[in-house]
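Student: Structure provided below as structure tokens; questions to follow.
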Amino acid sequence: MGIPAEKIEDYLVRANGLPNLQLLAGTPNVEKSDAWPWEWLDGPHFPTAQSREEYATRNDLDLLPSEPVGFLDFYEGRRLRMRERLLSVLGESAASTDVLGE
């Protein structure tokens, strides 16, 4: 997979963290769990490239790497985007709030 041995623990710790989770109902969730995220996004769940791109953007998956080696950067970027969205919804500023474990 190309993941350096010293980074494996970092990957394992983040595998079930909020920025890596994308819960879906029923069969799609099982199918998603059985594939790499980039493989699932390229699957039959999206009838057009546009619907796939819209889903990826709406769910902060638009910067999803095409291989495991980019996962840590993706995770951190998605965590920050989710944090900003949550703060915006709550009407809070980033400086005044500790959200998502910061």
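Student: Which of the helices in the chain, when you take each full DSSP H run, stretch at least 27 Å along the axis at their Cα atoms and have an average Kyte-Doolittle score of -1.0 or higher?
Tutor: 71-90
Student: While we're looking at this one, here's another question. What accessible area per residue, rounded to a whole number of Å², is obtained for the chain using a probe radius of 1.4 Å?
Tutor: About 67 Å² of surface per residue is accessible.
Student: I've got another one for you. For a quick check, take a GNM of the chain with Cα springs below 10 Å and name the residue from Pro19, Pro68, Pro47 with the largest mean-square fluctuation.
Tutor: Most flexible of the set in this elastic network: Pro47.
Student: Where Rh is the Kirkwood radius over the Cα pairs of the chain, the temperature 10 °C and the viscosity 1.306 mPa s, what D in µm²/s does Stokes-Einstein return?
Tutor: D, rounded to a whole number, is 105 µm²/s.
Student: Restricting to DSSP H runs of at least four residues, report the calculated mean residue ellipticity at 222 nm for the chain, -39500 (n - 2.57) per run over all residues, nearest 500 deg cm²/dmol.
Tutor: It lands at -14500 deg cm²/dmol.
The values are calculated or read from the model by the stated rules, or taken from the named source; none is laboratory data. If you're wondering where the values come from, they're calculated on a predicted model, not measured in any experiment. Ligands, DNA and RNA are stripped out before the accessible areas are found, and what is left, the full protein with its side chains, is counted by its heavy atoms. Shrake-Rupley method; radii C 1.70, N 1.55, O 1.52, S 1.80 Å.
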